[in-house]
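To start, the structure under review is shown below, and the notes come after it.
The values are calculated or read from the model by the stated rules, or taken from the named source; none is laboratory data. These numbers were taken from a predicted model, which means no experiment stands behind them. Counting neighbours? That spans all protein chains shown, and the Cβs are built from the backbone with ideal geometry, glycine included.
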Amino acid sequence: MLRSFVTSINPIGYNAVSLVSMRALATKVATTTTKKSTTKASPKTKKTTKKSTKPPKVDTKAIRLQKKINEAKSAKKNLQQQIKDISTQHKTLSKQRKFEEKARSKIHKLAPGNFYSMFQKKRAGDSVAEFYQFPEEEKAKWIAARDAYWEKAKSYFTPKPKLGANGFAKYVQENYIRGDSLTETMKKLADEWNALSETEKQQYQISKEDKEKYKKALEKWKELRLKEYSDYLKFKENYKVEDDF
């Protein structure tokens, strides 16, 4: 009976010991977890790096290169503008020079066919050809109209000043005798001229005073001619051939 009682107590004791052990283990685990939680909760101190107070390094080579590029671009732009200005001036001067050359050139009397073509709305070549197909009476009318136009056109221009003959040419003017053979007369005058001394020839030379007068007169004529030619162009533009028929 005592043995059976002891046997029944042993499982109970074993279970009690196991229960105590489990409680102790649970308490240990709970304590460990609490410590870990406490450890994780505490914030770690971060290392802070001090920012450098030094300014960033400047690439001076790049700045100098960019400056040179900008200067080159500016120089190129200025050069292009200068070329453009010179080209414009050249065109203007070319037009002015052409106008001056035309104004100061000798004006010529128009051929009848060319005069007729001035008043036709056709190609000049066709108009000239048409003129020469006209009857003689019709041609005569246009020729008379051309002559009247020419007289009016000439009135717009002042004759160009002349310096006069010089040296041998002046000697010929003063000593030429009409009626004799031209060849014989010129040969005789040439022999006479060659026989003259340098002092005698000097009287046939144009003086410095006359040259200076001629130079001033020529410059004045050149300026006047520009105005006269402009007036002539207006006359030509507004001219009506019916006025002469």
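Summary of computed values
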quantity: Checklist (1) modelled with pLDDT of 90 or more; (2) farther than 22 Å from Trp221 by Cα applied to Pro161, failing item; calculated: (2)
quantity: Test: residue in segment 103-116 that is farther than 30 Å from Gln133 by Cβ, touching a helix residue (DSSP H, G or I) at 6+ places or on another chain (Cβ under 8 Å), at pLDDT 85 or above and assigned to a helix (DSSP H, G or I); calculated: yes
quantity: Among residues of segment 111-156, those that are buried (at least 16 other Cβ atoms within 10 Å of the Cβ) and within 30 Å of Lys222 (Cβ to Cβ), counted; calculated: 5
quantity: Residue satisfying condition, being at pLDDT 90 or above, part of a helix (DSSP H, G or I), within 30 Å of Glu101 (Cα to Cα) and more than 45 Å from the chain's Cα centre (by Cα), within set Glu209, Glu237; calculated: Glu209
quantity: Evaluation of Lys98 against (1) exposed (fewer than 14 other Cβ atoms within 10 Å of the Cβ); (2) modelled with pLDDT of 85 or more; (3) not in a helix (DSSP H, G or I) (one fails), failing number; calculated: (3)
quantity: Failed item in (1) exposed (fewer than 14 other Cβ atoms within 10 Å of the Cβ); (2) more than 42 Å from the chain's Cα centre (by Cα); (3) at pLDDT 90 or above, with Phe168 passing the rest; calculated: (1)
quantity: From Ala145, Ala195, Ala190, Ala169, residue being of a type in the set (Gly, Ala, Ser) and within 30 Å of Phe115 (Cβ to Cβ); calculated: Ala145
quantity: Test: residue in segment 128-137 that is aromatic (Phe, Trp, Tyr), in a helix (DSSP H, G or I) and more than 30 Å from Lys160 (Cα to Cα); calculated: yes
quantity: Of all residues in segment 223-244 being of a type outside the set (A, V, I, L, M, F, W, C) and in contact with a helix residue (DSSP H, G or I) (Cβ under 6 Å, 6 or more places away or on another chain), the one that is surrounded by the fewest Cβ atoms within 10 Å (Cβ to Cβ); calculated: Asp244
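Yes/no matrix, rows are residues, columns are (1) of a type in the set (Asp, Glu); (2) without any contact (Cβ under 8 Å) to a residue 12 or more places away in the chain:
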residue	(1), (2)
Gln173	no, yes
Tyr176	no, no
Leu182	no, yes
Lys188	no, yes
Asp210	yes, no
Lys216	no, yes
Lys222	no, no
